[in-house]
Amino acid sequence: MRSYNDKIGFNPGLRAVLSEIAANTALPPILGTWYYVDPENGSSAAGGKTPETAVDSLETAYGLCTSGDGDGIVLFSSGTSTANTTSYLKQELDWTKHGITVVGVAAPTRMFGRARVSNTQVTTGSLTTISFTNDGTADYITDSAAGFITAGFEVGQTIDVVANSGTNNGQYTISAVAAGKLTLSASDSLTTENAATAGATTITSYNLNLLNISGNNNAFYNVHFGNFSSNANALGCVEISGARNYFGNCHIIGAGHATPGAVATAYDVKLNGAEEITFDCCTFGTDSVLKAAANGEILIDGTSLRIQFNDCSFLSYSATSGKGAVKSADATSHQGVIEFNACRFINWNENGITAVDDVFIGTAPTSGAYLVTPDSMCVGFSGWGANVYVAGAAAAASAGGQIAVTE
């Protein structure tokens, strides 16, 4: 039986949870009901309350949970292929519920764990049967070949439309689906255009994020979240606006393709007015996907406050000037001090490690700062950045007492 009690970098709660998973003896205590997810063998019609009646996806299990009842979700990893270990999301999951515990049952690796949640996109392919209608009350996209349901489109998806004419190119949200018609959620967005005029048209779904967490008091353990869409609008992975949410031993990758990675607003995690969020032993980003833009793995916005990163790694692969690890969206991105305790910021590129920019980039917040402990380090960056307090950075100022001074 493996124990994680000797893992000094893991906090006591995370050590206890991982030890219980490894021993296969218990799950963390919860007040409510456990629901089980088996991406390989589960069924959307199952009850989910036992491993034998597991559901097929995180989305289905989330739907079974009751907000505030203290329910939990167990995400199994079975088989060896990506398809057998991944719960796929066709659209962003709005996590509005409170008090849910999610545990991934897989080897507790720090990177690319096999208890996995990822995107899947659906597409029409290039068709000459697509037309567009604006009748003054609603907008419709029609397919004379009636292939929308077969392709897998569903209500709530965000789609990217690209036609040869360019007239109705853009991003839209689906409010109703029929075999031959998609109804869009907003009217007066389209220009009426027949298929011959539109020319060859491709409609592709994409996820801006995998999870949009506005709920409070949720916990996620040992789960790998990855948004690997090639669409330029698939910019992130997890957005958090709720409070008191926790992530332990999770790997989170947003813009996991070079196309969205070349957009300056891409991120892995967006803290958007989030409060009291803790990340323990987590990994953000990847060193295998090019990020050719001045973006960060963490994007901070919306006056976020009281955020902690403990023993976390921030990975990127870039040679682009301006690339950072943590980006402030504007002068009011956060208040107070965001902590980075024993963290590693690593940027690599295939031509050798060269400094791209500071770790902390963007508009310096007027009432916020960053605290970096002396056991943190960076590689492939030119410095720490503005409003950064580094403990022990100047011996004279700290008098040997690890008093943090600004860089």
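The values are calculated or read from the model by the stated rules, or taken from the named source; none is laboratory data. Values in this document were obtained by computation on a predicted structure and should not be read as measured data. Here Cβ is always computed from backbone atoms with ideal geometry, including for glycine, and neighbour counts include all displayed protein chains. What goes into the accessible areas is simple: the full protein's heavy atoms, side chains included, and nothing from ligands, DNA or RNA. Shrake-Rupley method; radii C 1.70, N 1.55, O 1.52, S 1.80 Å.
Quick notes on this one:
- Residue selection: F360 fails the criterion of being farther than 13 Å from V388 by Cα, under 22 Å from the mean Cα position of the chain (by Cα) and either touching a residue at least 12 places away in the same chain (Cβ under 8 Å) or assigned to a strand (DSSP E or B) (or both).
- The set of residues from region 112-123 being open to solvent by 30 Å² or more (accessible area, probe 1.4 Å) and in contact with a helix residue (DSSP H, G or I) (Cβ under 8 Å, 6 or more places away or on another chain) comprises R114, T123.
- Residue within region 83-104 that is among the hydroxyl-bearing types (S, T, Y), surrounded by fewer than 16 Cβ atoms within 10 Å (Cβ to Cβ) and more than 29 Å from D287 (Cα to Cα) present: yes
- Answer residue from region 375-407, given it is modelled with pLDDT of 80 or more, part of a loop (DSSP other than H, G, I, E, B) and of a type outside the set (D, E, K, R) and is surrounded by the fewest Cβ atoms within 10 Å (Cβ to Cβ) among those: S382
- Being open to solvent by 50 Å² or more (accessible area, probe 1.4 Å) and β-branched (V, I, T) is a property that holds for T66.
- Within region 262-276, considering residues that are assigned to a strand (DSSP E or B) and open to solvent by 10 Å² or more (accessible area, probe 1.4 Å), the one nearest to S321 (Cα to Cα): K270
- Here A138 passes the criteria (1) open to solvent by less than 40 Å² (accessible area, probe 1.4 Å); (2) under 30 Å from F284 (Cα atoms) except the one numbered (2).
- Residue, nearest to I252 (Cα to Cα), within region 329-348, restricted to residues that are polar (S, T, N, Q) and buried (at least 17 other Cβ atoms within 10 Å of the Cβ): N347
Every residue, every condition in (1) within 19 Å of the chain's Cα centre (by Cα); (2) at pLDDT below 95, yes or no:
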site: C65; (1), (2): no, no
site: G70; (1), (2): no, no
site: T80; (1), (2): no, yes
site: T86; (1), (2): yes, no
site: V102; (1), (2): yes, no
site: T142; (1), (2): no, no
site: F148; (1), (2): no, no
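- Residue among N222, N227, N310 that alone is at pLDDT 95 or above, open to solvent by 20 Å² or more (accessible area, probe 1.4 Å) and not β-branched (V, I, T): N310
For (1) more than 21 Å from V263 (Cβ to Cβ); (2) in a strand (DSSP E or B), each residue gets a yes or a no:
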site: L305; (1), (2): yes, yes
site: Q308; (1), (2): yes, yes
site: F314; (1), (2): no, yes
site: A319; (1), (2): no, no
site: G324; (1), (2): no, no
site: D330; (1), (2): no, no
site: G336; (1), (2): yes, yes
site: E339; (1), (2): yes, yes
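- V372 vs. criteria modelled with pLDDT of 90 or more, of a type outside the set (S, T, Y) and open to solvent by 10 Å² or more (accessible area, probe 1.4 Å): no
- Taking the criterion of being out of contact with any strand residue (DSSP E or B) (no Cβ under 7 Å at 6 or more places or on another chain) and part of a loop (DSSP other than H, G, I, E, B), the residues of region 129-144 that qualify are D135, G136, T137, S144.
- Of the residues examined, V17 is not one that is modelled with pLDDT of 95 or more, touching a strand residue (DSSP E or B) at 6+ places or on another chain (Cβ under 6 Å) and under 24 Å from N245 (Cβ atoms).
- Matching residues, region 87-124, being under 25 Å from T204 (Cβ atoms) and of a type in the set (D, E, K, R): K90, E92, D94, R116
- Qualifying residue in region 277-298 (condition: at pLDDT 95 or above, of a type in the set (D, E), farther than 19 Å from G236 by Cα and outside any loop (DSSP other than H, G, I, E, B)): yes
- So V326, is it more than 16 Å from G296 (Cα to Cα) and open to solvent by less than 60 Å² (accessible area, probe 1.4 Å): no
- Candidate set: region 349-369, residues that are of a type in the set (A, V, I, L, M, F, W, C) and within 22 Å of T265 (Cβ to Cβ); chosen: the one surrounded by the most Cβ atoms within 10 Å (Cβ to Cβ): F360
- Inter-residue pairs, beta-carbon under 7 Å, first closer than 19 Å to V263 by Cβ and in region 211-232, second surrounded by 24 or more Cβ atoms within 10 Å (Cβ to Cβ) and hydroxyl-bearing (S, T, Y), 6+ apart: S229/Y206; N231/Y206
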